[in-house]
Structures are given as C-alpha cells and as structure tokens.
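What follows is a set of notes on a single structure, which appears directly below.
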Amino acid sequence: MEEKQCTTKHSTAAGLCADCVHARQIESDRSSVFLLCNLSLTDAHFPKYPRLPVLSCSGHRGKIAECANPVVVVDYDPRWPATFEILRSPLAKALGSLAAAIEHMGSTAVPGLAAKPVIDIDVLLKSASDLPLVIQRLASIGYVHRGDLGVTGREAFYAPPGSPKHHLYVCPPESREYRRHLALRDFLRTHSAEAENYGKLKRSLAARFRNDRIAYNEGKGEFVESLLQRALLAP
C-alpha cells in the first residue's frame with residue numbers, strides 16, 4: 001500500500017539543495033552529475049526548464065535523521081474492524097451503485113496480525129468509465145485524488161482531515177491489484193501460522209528500519225510475494 005518515504009540525511013556539497021526531499025541526482029550524457037529539484041516541474045513558482053544545479057526551492061524541507069512518520073508496528077487491535085465500518089459508511093453513501101464492493105484490506109483486516117495502525121480500504125468499481133464521477137463524489141466528502149502513484153489498476157486518495165488514519169484506493173473491475181490484495185488478506189485469515197510469521201517479520205523490520213520505510217518494505221517484499229503466490233493458487 002501507498003506510504004510516505006523517508007530517508008536519512010546525506011552530506012553533500014554546501015549550498016546545493018541536496019538536503020531537500022524534492023531533490024534528486026541526474027547524470028548527463030557526458031557523465032556530469034547535477035541536482036534537479038522535482039518541484040521545478042510542478043511548482044508554479046519555478047520555470048519549466050530549470051537551470052542546474054539547483055540552489056534552493058520554494059518547497060524546501062530538510063531530510064532529517066529522525067523520520068517524521070516512522071515505521072510503527074503494533075499488536076492487533078480488535079477495534080480495527082469497527083473503524084473500517086465507520087469509514088465505509090460515508091463511502092457507501094457517496095458512491096452508491098457505482099461501487100461493486102468496499103473491502104477492508106491489509107494487515108489490519110486479519111484478526112490477530114500485528115500491523116501498522118492504518119486501515120486500508122479498496123473500492124471496486126462496477127465500471128471503469130465511472131472513475132471521473134467517483135472522483136467527484138469522493139471529493140464531496142473530503143477525499144483528494146492522487147492518481148495511480150505509478151501502480152496501474154489502483155487510484156489513490158488523500159483521506160479527509162481529522163478522519164481515522166487510512167489509505168483509500170479505487171480499483172476498476174479488472175484490477176490486478178485488487179485481486180492481489182483480496183487474495184493475500186483471505187489467505188492470511190485462514191493460515192494462522194503464516195500470519196504469525198508475517199507479524200514477527202514486520203516487528204523485526206520495524207525495529208531495524210524504524211526511520212527507513214523503503215528498507216522496511218523491501219525487507220518484507222520477498223516474504224509477501226511468496227505468500228501471495230500461494231494465495232493466488234488457493235481455491
């Protein structure tokens with residue numbers, strides 16, 4: 001599921017925007033390395049063709065050793081299903097017949113499984129052509145469309161301010177991501193030993209990579225993929 005990334009601070013040449021989360025290194029065809037500010041491609045205050053190297057940017061936010069959103073894995077909370085129902089109700093009301101299903105996904109949907117305390121919700125559409133209308137209806141209750149974030153078959157949304165922590169994804173009927181999420185959830189619900197091992201792995205990785213979400217996700221990737229392949233083959 002989609003998450004904010006955080007990395008530790010790296011020392012680089014003074015004066016460059018290297019400590020900014022919007023900066024990334026690029027290499028020219030002559031092997032010269034520059035720093036490009038990603039905001040220069042999206043921020044109205046920047047020209048579309050920025051000069052390199054970048055000295056500063058209007059959205060500067062320094063990379064820090066302590067991540068503002070650390071990886072935290074907690075014991076299963078029996079209140080999570082009720083929290084999902086609280087979140088589901090306005091979604092169902094807003095989307096009506098446009099939604100074929102609204103499902104509680106991810107680790108918080110598996111009884112007894114340790115998880116990050118964030119509810120994952122997948123909405124399966126009856127028709128992919130309804131997406132523009134769905135975006136409009138979700139906007140009316142406070143959700144902001146973020147696009148697919150590079151994952152085909154899954155549209156992400158920012159949650160309304162003040163709501164319980166959750167991720168919302170809207171999927172077309174043929175969505176591969178929806179099928180994968182559903183298969184893994186149902187597999188873990190019926191295979192307690194695998195769920196227990198998964199929980200232990202997440203706790204270990206969270207302790208080791210508290211401030212590095214990329215490393216945390218990569219650390220559990222192979223294990224999750226092996227579970228998923230078994231899940232997709234299950235009846």
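Each value in this text was obtained by applying a stated rule to the coordinates, not by laboratory testing. Worth saying up front: this structure is predicted, and the values here are computed from it rather than measured. With ideal geometry, Cβ positions are generated from the backbone for all residues, glycine too; neighbour counts draw on all protein chains shown.
Quick notes
- Complete set of residues in the stretch 90-122 that are in a helix (DSSP H, G or I) and within 24 Å of GLU174 (Cα to Cα): LEU91, ALA92, LYS93, ALA94, LEU95, GLY96, SER97, LEU98, SER107, ALA109
- Selection of first residues in the stretch 73-93 that are charged (D, E, K, R) and of second residues that are assigned to a helix (DSSP H, G or I), restricted to Cβ pairs under 8 Å at least 6 apart or on distinct chains, gives the following pairs, ordered by first then second residue: ASP77/THR108.
- Exclusive hit being touching an Asp or Glu at 6+ places or on another chain (Cβ under 8 Å) and either without any contact (Cβ under 8 Å) to a residue 60 or more places away in the chain or not basic (Lys, Arg) (or both), set ALA206, ALA231: ALA231
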